[in-house]
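Below is one structure; the comments refer to it alone.
FYI, it's all coordinate maths here, none of it is from the lab. In this text, all values refer to a predicted model and were calculated from it rather than measured experimentally. As a convention, Cβ positions derive from the backbone with ideal geometry for all residues, glycine included, and neighbour counts pool all protein chains shown.
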Amino acid sequence: MITPEEAVKKILSKAEPLGVQETPVIKSLGRVLREDIKSPLSIPPFDKAAMDGYAVKAADTAGASAKSPVELKVLEDIPAGHVGEQRLRNGTAARIMTGAPIPRGADAVVMVEYTGRKEGGVLIKKKVAGGENIALVGEDVKKGQKVIQSGTLIRAAEMGMIASTGRTMVKVGVKPKVAILSTGSEIVVPGKKLLPGQIYNSNGYSLTGLAMARGARAKFFGIASDRRRTLEKKLMVTLNYDVVILSGGVSVGDYDLVQNILLELGVQKLFYKVFIKPGMPTFAGIDDERFVIGLPGNPVSCMVTFGLFVTPLLDVMLGKREIGLRRGKAFLMEDATTRAGRRKFLRGKLKEIDGRLHIKLFPAQQSGVLRSMVEADALVDVPGEVTELRAGEEINILHLE
């Protein structure tokens with residue numbers, strides 16, 4: 001058996017980013033940027049008012065207070081989207097709205113809350129310094145500056161940043177096509193009546209959701225029973241995808257046929273079995289640059305191994321800079337014991353206390369308890385030789401995203 005790091009290395013040694021396509025910025029949420037974004041202009045492109053109020057010469061406000069306001073003559077109103085026509089002289093001001101260009105001669109803005117209206121003029125009730133309440137040209141972004149790096153996941157903020165450079169289209173990574181197939185004669189689709197010995201299929205739904213959440217185009221191909229002909233027919237269809245993910249049928253039982261059939265169909269094995277718990281009987285192979293990943297049938301094992309091995313594969317295919325589940329640290333909230341042996345990935349719930357992350361382990365860590373994945377937002381990475389975990393101990397975690 002190999003370590004999870006060795007397993008990931010074997011998978012990624014065969015992985016490459018897929019193609020690039022253009023998409024409208026307004027539809028780019030959740031896509032992976034495949035070009036550096038440089039701004040062709042400074043942002044803001046001019047000095048602008050950061051507050052509603054009055055553009056003034058700061059020197060004219062010297063000594064101004066609520067009890068002793070300074071009176072200035074108002075030359076004009078400048079709404080957002082308009083440029084002032086007059087240059088401020090000593091003793092003058094311009095009424096200005098947030099976002100409007102600062103008029104010539106002005107070097108500060110007095111917030112409207114510290115002014116009073118007077119016919120033909122304004123009463124300034126507070127002294128301001130030069131540059132106060134002004135957003136300077138290039139304050140956010142300098143012309144030619146790189147604002148977003150290729151490989152970045154586009155969120156709402158990135159969408160806004162790209163749009164602020166004037167772009168309407170952006171290059172993103174092509175979404176990997178992921179085929180998902182559940183195996184097992186005991187599982188049936190939700191909605192059907194359960195017969196004795198049967199359970200509803202959850203892995204097909206979990207894996208489809210995980211793949212879509214990671215940015216892939218996922219299709220669930222249904223359930224194949226533990227029979228060679230059925231498996232072969234399903235696999236021949238799904239091998240036309242970039243990644244084929246199977247759940248179940250990769251253990252060592254008489255009816256666990258998936259690995260043997262894959263090898264007979266020409267899939268080159270990258271590895272089988274990883275020294276972890278849950279998820280030891282994991283298979284990975286490649287066929288004509290198409291990856292075939294066989295995950296364990298237990299629902300927790302299935303989801304954990306997806307996070308450990310499929311997530312980094314999809315990230316590379318999409319062209320992401322940051323690969324795999326995000327790692328971090330947290331402080332354990334309670335004592336816990338575990339058996340020595342395989343490296344363990346325990347489910348837990350994070351909580352911030354006094355500015356530091358803490359984690360509470362889910363009490364039931366069996367690989368069939370899917371509810372632990374519902375409530376968990378992190379995995380605790382426990383070395384195989386560790387048998388005791390102490391409250392307050394800082395431990396390694398993987399964020400479930």
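Miscellaneous remarks
- Whole-Å distance, taken between Cα centres, linking the range 4-39 and the range 252-310: 24 Å
- Our helix-only sum for the chain, with -39,500 (n - 2.57) per DSSP H run of n ≥ 4 divided by its residues, gives a mean residue ellipticity at 222 nm of -4500 deg cm²/dmol.
- Trypsin sites (Lys or Arg not before Pro) lying in DSSP loop within the range 1-87, provided at most 11 other Cβ fall within 10 Å: LYS67
- Point-to-point label distance, LEU136-LEU29, nm (Cα→Cβ direction, 7 Å offset): 3.6 nm
- Considering only the range 327-399, percent of DSSP beta bridges that pair antiparallel, nearest 5: 90 percent
- Inter-probe distance in nm under a simple model that places probes 7 Å from Cα toward Cβ, at ALA156 and LEU194: 3.9 nm
- Relative contact order of the range 327-399, pairs being alpha-carbon contacts under 8 Å that are 6 or more residues apart, as %: 49 percent
- Relative contact order [Cα under 8 Å, 6+ residues apart], the range 272-397, whole percent: 27 percent
- For HIS358, net neighbour charge (Lys/Arg +1, Asp/Glu -1) across residues whose Cβ lies under 14 Å away: -1
- Summary of the geometry: the range 116-132 and the range 158-231, compared by the centres of their Cα atoms, lie 62 Å apart.
- Positive end of the dipole of the chain (Cβ unit charges, origin at the Cα centre): among GLN365, LEU308, PRO4, the Cα lying farthest that way belongs to LEU308.
- Those lysines that a straight Cα-Cα span of less than 29 Å connects to LYS57, excepting residues fewer than 8 apart in one chain: LYS48, LYS67, LYS73, LYS118, LYS125, LYS126, LYS127, LYS142, LYS143
- At most 11 other Cβ within 10 Å, DSSP loop - GluC sites (Glu not before Pro), the range 287-361: GLU289, GLU322
- Note on the range 31-79: with charges restricted to the Cβ of Lys and Arg (+1) and Asp and Glu (-1), its dipole about the Cα centre is near 220 debye.
- DSSP bridge orientation in the chain - percent antiparallel, rounded to nearest 5: 70 percent
- Nearest 10 degrees, 0 to 90: helix 228-238 Cα axis against the chain principal axis: 20 degrees
- For LYS360, the lysines whose Cα comes closer than 17 Å to its Cα, not counting residues fewer than 8 places off in the same chain, are LYS329, LYS344, LYS349, LYS351.
- The range 351-401 and the range 60-80: distance between their alpha carbon centers, rounded to Å: 60 Å
- Viscosity 0.692 mPa s, 37 °C: Kirkwood-radius Stokes-Einstein D of the chain over Cα pairs, µm²/s: 129 µm²/s
- Relative contact order of the chain, taken over Cα pairs closer than 8 Å and 6 or more residues apart, is 16 percent.
- Partners for LYS175 among lysines (Cα-Cα distance below 30 Å; same-chain residues under 8 apart left out): LYS9, LYS10, LYS14, LYS27, LYS38, LYS146, LYS219, LYS233, LYS234, LYS269, LYS273, LYS320
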